[in-house]
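S.K.: Below are the structure tokens for one structure; questions will follow.
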Amino acid sequence: MNMKFYRKLPIPQDVKAQYPVTPAMAAVKEARDRAIRRVFTGEDDRFILIIGPCSADRRDSVLEYLGRLRPVADEVKDKIIVIPRLYTNKPRTTGDGYKGMLHQPDPQSHPDMLKGIVATRELHMDALRDYGFSCADEMLYPDNHRYLSDLLSYTAVGARSVENQQHRLTASGLDIPVGLKNPTGGDLSVMMNAITAAHHPHTFIYRGWEVESTGNPLSHAILRGYQTTDGRVVSNYHYEDLLKVNELYEKSGLACPAVIVDTNHANSGKRYEEQIRIAHDVMRSRKQSDAIRCLCKGLMIESYLVDGCQPVDGGVFGQSITDPCLGWEKTEKLIFEIAERV
């Protein structure tokens, strides 16, 4: 076996005991979970906005971002529920490159998974305790979800993971919304099969235990665009695309049909400023169709303090070291514009 077993990592229960959520923090998360759940069940007509850096690479710049986001979120709270996007582990298409805070709490140092587990938990705790935000993270490694399960209000399964059995079954056992993206090749049947699997109960192995899940009716679609076999990038956020997903939901008979539109990735061709136009296009579609308005529950937007992106060693505070993001000024303006159109 070409692996070195470096060290045994602490189990989630022990990490949670060492870095505990206080009763006050738990109450904030419970209230947010309840409100977010009501949006996905159709009992609350507010809009979901999952927004934040492509990767949460530095604690100080992420907290600066949350400090700016908090008063804006408060101002639009009657129309929008803001869920900060704190993605602490990142999929890499070829396996190379920065894999997120979980792997490298210091992006310019060697990987250290133990420090990464602690750093990711502390960051999400900071967001909840100091800013009143329970956040979203990507479930890149299903077994690792338990390290953050008492802190998160939203989980995403990425385009490269959506066909994986363990991701689907783990999603079926969570009690928060889980967004399942269309795969990188764009096959919507793969995404719908994943959502169906997540809605259903299952018996499976999780962290060395035989477990039973009850199914997660809050599992739903995320449209992020796709790439054809000849390398062409294709968007799937348009009016016709949303109606197509609505038809697939109607045929499936699944409860709580829902879509979140990812405005970046293949939808924008990673042209980060296009996110503004795409957001407005989706809002127009919601105005033009009651079916789309009921189906499309929100947007996912990649945003940070500074426009664009930089190399890992670029040194610009608050600028993405992975995919390019909207800077703060454009972000703030866009949030208010979205609120006006809800």
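S.K.: State in Å² the accessible area per residue of the chain; use a 1.4 Å probe, count heavy atoms of protein chains only, and round to the nearest integer.
M.R.: Values: 15130 Å² over 342 residues.
The answer is 44 Å² per residue.
S.K.: In µm²/s, what is D for the stretch 1-78 at 10 °C and 1.306 mPa s, where D = kT/(6 pi eta Rh) by Stokes-Einstein and Rh is the Kirkwood radius from Cα pairs?
M.R.: Result for D is 97 µm²/s.
S.K.: For the chain, what value does the Rg/Rh ratio take when both radii are computed over Cα atoms and Rh is the Kirkwood radius, given to two decimals? Working shown, then result.
M.R.: On the way: Rg = 18.8 Å, Rh = 20.1 Å.
Dividing the radius of gyration by the Kirkwood radius yields 0.94.
S.K.: Identify the GluC sites (Glu not before Pro) of the stretch 1-72 meeting these criteria: DSSP loop state and at most 16 other C-beta atoms within 10 Å of the C-beta. Please report the intermediate quantities before stating the final value.
M.R.: On the way: sites: 30, 43, 64; in loops: 43.
Within the stretch 1-72, the qualifying GluC sites (Glu not before Pro) (loop, at most 16 other Cβ atoms within 10 Å) are 43.
S.K.: Then there is this: Out of the total accessible area of the stretch 223-295 (probe 1.4 Å, heavy atoms of protein only), what percent is carbon and sulfur?
M.R.: Carbon with sulfur: 47 percent of the solvent-accessible area.
S.K.: Would you mind checking 29/79; 77/287; 8/99; 181/330; 90/251; 79/333 for any pair whose Cα atoms are more than 22 angstrom apart?
M.R.: Check vs 22 Å cut-off fails for 181/330; 90/251.
S.K.: Rounded if a/c is under 1.5, else prolate if a/b beats b/c, else oblate: with a ≥ b ≥ c from the C-alpha gyration tensor eigenvalues square-rooted, which is the stretch 57-200? Walk me through the numbers before you get to the answer.
M.R.: Values: a/c = 1.83, a/b = 1.21, b/c = 1.52.
Oblate shape, in that a/c is at least 1.5 and b/c is the bigger or equal ratio.
S.K.: Moving to a separate point now. Explain nothing, just the number: dipole magnitude of the chain about its Cα centre with +1 on each Lys and Arg Cβ and -1 on each Asp and Glu Cβ, in debye rounded to the nearest 20.
M.R.: Dipole magnitude for the chain comes out near 280 debye.
S.K.: With Cβ to Cβ distances under 11 Å as the rule, what net charge do the other residues near residue 149 carry (K, R +1; D, E -1)?
M.R.: So the surrounding residues net to +1.
S.K.: What does the charge add up to near residue 44, with Lys and Arg as +1, Asp and Glu as -1, over the other residues with Cβ less than 13 Å from its Cβ?
M.R.: Net charge in that neighbourhood comes out at +4.
S.K.: Given only helices, namely DSSP H runs of n ≥ 4 each adding -39500 (n - 2.57), what is the per-residue ellipticity at 222 nm of the chain, to the nearest 500 deg cm²/dmol?
M.R.: The helix-only estimate for the chain comes to -12000 deg cm²/dmol at 222 nm.
The values are calculated or read from the model by the stated rules, or taken from the named source; none is laboratory data. Remember, it's a predicted structure, so these values are computed and weren't measured experimentally. Cβ atoms come from the backbone with ideal geometry, glycine included; neighbour counts cover every protein chain shown. In case anyone asks, the SASA skips ligands and DNA or RNA and just uses the protein heavy atoms, side chains included. Shrake-Rupley method; radii C 1.70, N 1.55, O 1.52, S 1.80 Å.
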